[in-house]
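Colleague: Here it is, the structure, as structure tokens.
The values are calculated or read from the model by the stated rules, or taken from the named source; none is laboratory data. Source: prediction; values computed, not measured. Cβ: placed from backbone, ideal geometry, glycine included. Neighbour counts: every protein chain shown.
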Amino acid sequence: MEYTEKIHDYVGEHKDEILKTLKELVKIPSVRGATELEAPFGKACADVLEYTEKLYSENGFETELDRQGGYLLSYFGNGKRTLGLFAHADVVDVGEDWVHTKPFKPIEKDGYLIGRGMLDDKSAVVISLYCAKILKELNIPFNSRLVMFTGANEETGMSDIEEYSKKHTAPDFSLICDTAFPLYRGDKSMMNFWVTLNTELKDIKNFHGGNAMNIILDKASAVVNGETVTETGISSHSALPEGSLNAGYLLAKKLSEREDICASDREQMLFLMSVLEKYYGEVYGIEHQDECGKLTCTNGIIKNDNKKIMLGFNMRFGLSANTENIKKSIVSFFEKNNCTVKFEEEKKGYIVPTDNSYINACLKAYSDFTGDGKPQAYINAGGTYARQLPCAAEIGTTLRWGTPDNTPKGHGGAHQSDECINIEGFLEALELTLQMLIECDKTEE
């Protein structure tokens, strides 16, 4: 690759500046908040877009900030073909039990940067900015128009990308920097649903835990005879539940064994255990697997509604699954157990064919950069902006994983406490993303 060495040298020379930019972004507590004028997702989410717009404009890039839509567009180049880089600057709730730092007080430790949003997805905002800066400052030939999208509602609904899609023509091909390398060419379909247990609790009060459908809850609590009872599990993103342990399951197990609780409440706890222990849909008879992988069905929220327990589930499944049959099986199971089910709107998945020239250009860049002679394009269990775009692939923001020393299990990842990113892996990802764009710019599709 012709400009590999120049790009590498640039990143090395500007390392401190790049890392400082990421730290400053992480300081902005861009968790969704109350709607305000020109801040549909709360002031902090509006602030992070304003800050990012300033970063681009100060570096001489054309920008377009849609405050009501909750997104920023930045541009480089004037070619007829358009290539996109998509990132989001909003973050999930901070969670509890951070051990290395506070969520919005970023620090460096053992070769990692730690703070909410480091991995998901403010590192992508910085990668997008510096891809454009390097193209511009090194005067690298680039015949496409580069569109950089920064959103503020990816974690809580993706209405930002929906608004963008209504007003703009999507790029010919886009990279969504929000998963992992080498590359993902598709997403599973996704659906949330709520289950209400129709038998009222008597001795157990305020059984609750979790605050996001897509995070397996790591804390749950309830009040029994004036005593607050809590349990701690192992959190995980709902797309990758292996190794997680639902705190609601643990709390239900503990309460089911207490003799000072009535039989009816203990029966409900046993039922909770049965539906919270597993995560492949086997309890409801909806197991499914195809080229996208296994169906997953996980619980992220438990709350009370007039003494009745409500459970929030996140389900992800391959494109060949029959959605109506899955819903019928879920309803049948829960209605037999005196529960009511309410489904939210399905978010359809997508797949880009393996022979797509942009996909293969990105894989070539990955192979050249890493030396991996046979990189593969996978299907993602998660969900990103890609499902809203006609032709897109997902990549990561680091080539090196791990956590700082003395990081507890269940910490350090996306949506987890002590969220972190490996510094060298992040800088490598910046170089690789730019190489992918350069290869895509060469394609004739």
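Colleague: Out of all the residues in the range 32-72, which are in contact with a Leu (Cβ under 6 Å, 6 or more places away or on another chain), without any contact (Cβ under 8 Å) to a residue 24 or more places away in the chain and over 18 Å from Lys167 (Cβ atoms)?
Modeller: none
Colleague: Count, please, the residues in the range 286-306 that happen to be closer than 29 Å to Ser221 by Cα, touching a Phe, Trp or Tyr at 6+ places or on another chain (Cβ under 9 Å) and of a type outside the set (Val, Ile, Thr).
Modeller: We begin by selecting, within the range 286-306, every residue closer than 29 Å to Ser221 by Cα; these are 295-306.
Now restrict to residues that are touching a Phe, Trp or Tyr at 6+ places or on another chain (Cβ under 9 Å): 295-304.
Keeping just the survivors that are of a type outside the set (Val, Ile, Thr) gives 295, 297, 299-300, 303-304.
Residues that pass the stated criteria total 6.
Colleague: Looking only at residues that are within 28 Å of Thr323 (Cα to Cα) and buried (at least 16 other Cβ atoms within 10 Å of the Cβ) in the range 352-365, which one is farthest from the chain's Cα centre (by Cα)?
Modeller: Here the residue is Asn356.
Colleague: Scan the range 31-50 and give yes if some residue there is more than 25 Å from Thr433 (Cα to Cα), assigned to a helix (DSSP H, G or I), at pLDDT 95 or above and basic (Lys, Arg), otherwise no. Break it down stepwise before answering.
Modeller: If we filter the range 31-50 for residues that are more than 25 Å from Thr433 (Cα to Cα), which is where we start, we get 31-47.
After this cut, where a residue has to be assigned to a helix (DSSP H, G or I) as well, the list is 43-47.
Subset that is at pLDDT 95 or above: 43-47.
Narrowing further to those that are basic (Lys, Arg): 43.
Checked against the condition, which is being more than 25 Å from Thr433 (Cα to Cα), assigned to a helix (DSSP H, G or I), at pLDDT 95 or above and basic (Lys, Arg), the range 31-50 yields at least one hit.
Colleague: Still on this structure, I have one more. Please find, within the range 99-125, the residue that is nearest to the chain's Cα centre (by Cα) out of those that are among the β-branched types (Val, Ile, Thr) and surrounded by 24 or more Cβ atoms within 10 Å (Cβ to Cβ).
Modeller: If we filter the range 99-125 for residues that are among the β-branched types (Val, Ile, Thr), which is where we start, we get 99, 101, 107, 114, 125.
Add one more test, that the residue is surrounded by 24 or more Cβ atoms within 10 Å (Cβ to Cβ), and what stays is 114, 125.
Values: Ile114: 17, Val125: 14 Å.
So, considering only residues that are among the β-branched types (Val, Ile, Thr) and surrounded by 24 or more Cβ atoms within 10 Å (Cβ to Cβ), the one nearest to the chain's Cα centre (by Cα) is Val125.
Colleague: Would you check if Leu250 is modelled with pLDDT of 95 or more, closer than 24 Å to Lys336 by Cβ and crowded, with 18+ Cβ neighbours inside 10 Å? So that I can check it myself, show each step before the final result.
Modeller: On the way: modelled with pLDDT of 95 or more: yes; closer than 24 Å to Lys336 by Cβ: no; crowded, with 18+ Cβ neighbours inside 10 Å: yes.
The answer is no for Leu250.
Colleague: Another question about this same structure. Among the residues of the range 128-149, how many are surrounded by 23 or more Cβ atoms within 10 Å (Cβ to Cβ) and among the aromatic types (Phe, Trp, Tyr)?
Modeller: Of the residues in that region, 2 qualify.
Colleague: Taking the range 268-279 on its own, how many of its residues are in contact (Cβ under 8 Å) with a residue 12 or more places away in the chain and of a type outside the set (A, V, I, L, M, F, W, C)?
Modeller: Applying the first criterion (in contact (Cβ under 8 Å) with a residue 12 or more places away in the chain) to the range 268-279 yields 268-273, 275-277, 279.
Subsequent filtering for residues that are of a type outside the set (A, V, I, L, M, F, W, C) retains 268, 277, 279.
Residues in the range 268-279 being in contact (Cβ under 8 Å) with a residue 12 or more places away in the chain and of a type outside the set (A, V, I, L, M, F, W, C): 3 in total.
Colleague: For the structure I just gave you, tell me whether Thr370 is within 24 Å of Leu135 (Cβ to Cβ), out of contact with any strand residue (DSSP E or B) (no Cβ under 8 Å at 6 or more places or on another chain) and either surrounded by 18 or more Cβ atoms within 10 Å (Cβ to Cβ) or of a type outside the set (Lys, Arg) (or both).
Modeller: Details: within 24 Å of Leu135 (Cβ to Cβ): yes; out of contact with any strand residue (DSSP E or B) (no Cβ under 8 Å at 6 or more places or on another chain): yes; either surrounded by 18 or more Cβ atoms within 10 Å (Cβ to Cβ) or of a type outside the set (Lys, Arg) (or both): yes.
Spelling it out, Thr370 is indeed within 24 Å of Leu135 (Cβ to Cβ), out of contact with any strand residue (DSSP E or B) (no Cβ under 8 Å at 6 or more places or on another chain) and either surrounded by 18 or more Cβ atoms within 10 Å (Cβ to Cβ) or of a type outside the set (Lys, Arg) (or both).
Colleague: Considering only residues that are over 32 Å from the mean Cα position of the chain (by Cα) and in a loop (DSSP other than H, G, I, E, B), which ones fall in the range 195-213? Outline the logic, then answer.
Modeller: If we filter the range 195-213 for residues that are over 32 Å from the mean Cα position of the chain (by Cα), which is where we start, we get 198-205.
Correct list: Asn198, Thr199, Glu200, Leu201, Lys202, Asp203.
Colleague: Residues of the range 387-445 being at positive phi and buried (at least 20 other Cβ atoms within 10 Å of the Cβ), which ones? Step through it out loud before you land on a result.
Modeller: So the first thing to find is which residues in the range 387-445 are at positive phi, and the list is 402, 406, 410, 412, 415, 418.
If the condition is that a residue be at positive phi and buried (at least 20 other Cβ atoms within 10 Å of the Cβ), then Gly410, Gly412, His415, Asp418 are the ones that fit.
Colleague: Before we move on, is Gly209 more than 30 Å from Leu73 (Cα to Cα) and touching a residue at least 12 places away in the same chain (Cβ under 8 Å)? Reasoning before the result, please.
Modeller: Details: more than 30 Å from Leu73 (Cα to Cα): yes; touching a residue at least 12 places away in the same chain (Cβ under 8 Å): yes.
So Gly209 fits the description; yes.
Colleague: Only one of Ser165, Ser159 is out of contact with any Ser or Thr (no Cβ under 7 Å at 6 or more places or on another chain), modelled with pLDDT of 95 or more and closer than 17 Å to Val92 by Cβ. Can you tell me which?
Modeller: Numbers: Ser165 fails: closer than 17 Å to Val92 by Cβ.
Only one candidate qualifies: Ser159.
Colleague: May I pose another question? Scan the range 324-343 residue by residue and report those that are farther than 24 Å from Glu155 by Cβ and either of a type in the set (S, T, N, Q) or in a strand (DSSP E or B) (or both).
Modeller: Filtering the range 324-343 down to residues farther than 24 Å from Glu155 by Cβ leaves 324-341.
Scanning the range 324-343 gives Asn325, Ser329, Ser332, Asn337, Asn338, Cys339, Thr340, Val341.
Colleague: Can you tell me which of (1) of a type in the set (A, V, I, L, M, F, W, C); (2) touching a Ser or Thr at 6+ places or on another chain (Cβ under 9 Å); (3) over 23 Å from Arg316 (Cα atoms) is the one Ile215 doesn't meet?
Modeller: Of (1) of a type in the set (A, V, I, L, M, F, W, C); (2) touching a Ser or Thr at 6+ places or on another chain (Cβ under 9 Å); (3) over 23 Å from Arg316 (Cα atoms), only one is false for Ile215: (3).
Colleague: Consider Leu73 against the criteria (1) part of a helix (DSSP H, G or I); (2) aliphatic (A, V, I, L, M); (3) under 26 Å from the mean Cα position of the chain (by Cα): it satisfies all of them except one. Which criterion is unmet?
Modeller: Going through the list (1) part of a helix (DSSP H, G or I); (2) aliphatic (A, V, I, L, M); (3) under 26 Å from the mean Cα position of the chain (by Cα), Leu73 breaks only (1).
Colleague: Could you give me the residue pairs with C-beta distances under 8 Å whose first residue belongs to the range 73-91 and is under 23 Å from Leu22 (Cα atoms), whose second residue is basic (Lys, Arg) and part of a loop (DSSP other than H, G, I, E, B) wherever it lies, and which are 6+ apart or on separate chains?
Modeller: Taking only residues 6 or more apart or on different chains, the pairs are Asp90/Arg32; Val91/Arg116.
Colleague: Still on this structure: Just to be sure, is Gly300 on the phi > 0 side of the Ramachandran plot and within 25 Å of the chain's Cα centre (by Cα)?
Modeller: no
Colleague: Please name all residue pairs, on different chains or six or more residues apart, with Cβ atoms under 9 Å, provided the first residue is in the range 243-266 and is of a type in the set (S, T, N, Q) and the second residue is surrounded by fewer than 16 Cβ atoms within 10 Å (Cβ to Cβ) and not in a loop (DSSP other than H, G, I, E, B).
Modeller: Matching pairs, first to second residue: Ser256/Glu267; Ser256/Leu270.
Colleague: If you don't mind, there's one more thing I want to ask. Could you figure out which of (1) closer than 18 Å to Ile140 by Cβ; (2) of a type in the set (Gly, Ala, Ser); (3) modelled with pLDDT under 95 isn't true of Gly95?
Modeller: Every condition holds for Gly95 apart from (1).
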